[in-house]
Amino acid sequence: MNIRPAGQAFAAVISDLELWQPLTDHQIAEIRDALKSHGVLVFRRQSLSEEELADFSGRFGELEQIVRTDWAANHPAVIRISNMQDATGVPIGGLGSNELDWHTDQSYMTNPATGAVLQMVELPPNPVDTMFANLKLAWSALDAATQQEIENLSGVFQYAKRQATYKEGKLAATIANQTPDVAHPLVNIDPVTGEKSLYLDPTTMTGIVGMSDTAASTLLDRLSAHATADEFVYRHRWQSGDVVMWDNGFLLHRRDEFDASMCRLLKRTTIRMPADLHMVPTGNTLS
């Protein structure tokens, strides 16, 4: 395979690799190392069945099984991200065409699944980009005083805050009981390289443990603005056949709103990356 930087950004493009073919352990190790280094990997010109997408993703960890039947594809580990509807007007997938602000997946869980693979299936005529912000680079660029200030702090992450931005509106009581507030350290360490990274999610963070609401809000806003500055962001311009893999352990991502009349369909897997090889946040529930 050929691994090269994606322009001037931190992401990498991997070519000369057919993901629908069985890959060797050596190839998987190379991809894993590249993911740890770059955070975002782009595989061009891929054509995968759901089974092949799941097989590739499963080489990097345990696959999450789908619990939202309204987003489910045909394979139990694949979901649809789409604004499209079936013949009866029922959405075929999740997230629609609305703007998605900077976030990291499953931050509201004590042990989030951090790996993600997204396959572009149907590209609209005016493609909407996906942006990724590298929290390792953002940590390294912080001044020493700020690093020392936050190194032992834990943020409070709340699913209800994110849910409030969705069309579904108010969080159902049953879901609320299943998603209590979680505390995660604001700084995580890679178990292999020892590199440090921020861990943030503006869509779910509501405070900092042991800090007043006002002081916490000011600090979190400052960190989020710093982490999403242009120098830490990769903008992915989708092409037909793209497969994009990223690590939620040290990345944020977002998407702009787009015209709901344009058809857009992606398929996604979520991977529980092994904590002895990757930066996987470990939190605790707050009563």
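The values are calculated or read from the model by the stated rules, or taken from the named source; none is laboratory data. Bear in mind that the values here come from a model prediction, so they are computed numbers and not experimental data. Here the Cβ is made from the backbone with ideal geometry for all residues, glycine too, and neighbour counts use every protein chain on show.
Figures for the structure shown
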{"item": "Checking Gln21 against (1) in a loop (DSSP other than H, G, I, E, B); (2) in contact (Cβ under 8 Å) with a residue 12 or more places away in the chain, the condition it does not meet", "result": "(2)"}
{"item": "Count - residues of the stretch 132-164 that are part of a helix (DSSP H, G or I) and at pLDDT 95 or above", "result": "14"}
{"item": "Hey, Gln46 part of a loop (DSSP other than H, G, I, E, B) and under 16 Å from Asp242 (Cβ atoms) or not", "result": "yes"}
{"item": "Candidates Trp102, Trp20, filtered to the one that is in contact with a Pro (Cβ under 6 Å, 6 or more places away or on another chain) and modelled with pLDDT of 95 or more", "result": "Trp102"}
{"item": "Sole exception among (1) surrounded by 20 or more Cβ atoms within 10 Å (Cβ to Cβ); (2) over 29 Å from Asp276 (Cβ atoms) for Thr69, by number", "result": "(1)"}
{"item": "Counted residues, the stretch 98-131 - those being more than 20 Å from Met262 (Cα to Cα) and not charged (D, E, K, R)", "result": "15"}
{"item": "Top-ranked residue in the stretch 112-140 [being surrounded by 15 or more Cβ atoms within 10 Å (Cβ to Cβ) and small (Gly, Ala, Ser); ranked as nearest to Trp71 (Cα to Cα)]", "result": "Ala116"}
{"item": "Sole residue being outside any strand (DSSP E or B), surrounded by 20 or more Cβ atoms within 10 Å (Cβ to Cβ) and either at pLDDT below 95 or over 16 Å from the mean Cα position of the chain (by Cα) (or both), chosen from Thr282, Thr203", "result": "Thr203"}
{"item": "Whichever residue in the stretch 39-87 is over 10 Å from Thr269 (Cβ atoms) and of a type in the set (Val, Ile, Thr) and, among such residues, is nearest to the chain's Cα centre (by Cα)", "result": "Val40"}
{"item": "Count of the stretch 104-127 residues which are in contact with a helix residue (DSSP H, G or I) (Cβ under 7 Å, 6 or more places away or on another chain) and under 21 Å from Lys36 (Cβ atoms)", "result": "1"}
{"item": "Every residue from the stretch 59-87 that is touching a residue at least 40 places away in the same chain (Cβ under 8 Å) and aliphatic (A, V, I, L, M)", "result": "Leu63, Ala73, Ala77, Val78, Ile79, Ile81, Met84"}
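Here's the yes/no breakdown for (1) buried (at least 20 other Cβ atoms within 10 Å of the Cβ); (2) without any contact (Cβ under 8 Å) to a residue 12 or more places away in the chain; (3) touching a Phe, Trp or Tyr at 6+ places or on another chain (Cβ under 8 Å); (4) not in a helix (DSSP H, G or I):
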| site | (1), (2), (3), (4) |
| --- | --- |
| Ile3 | no, no, no, yes |
| Ala9 | no, no, yes, yes |
| Ile14 | yes, no, yes, yes |
| Gln27 | no, no, no, no |
| Asp33 | no, yes, no, no |
| Leu41 | yes, no, yes, yes |
| Ser57 | yes, no, no, no |
| Gly89 | no, yes, no, yes |
| Thr110 | no, no, no, yes |
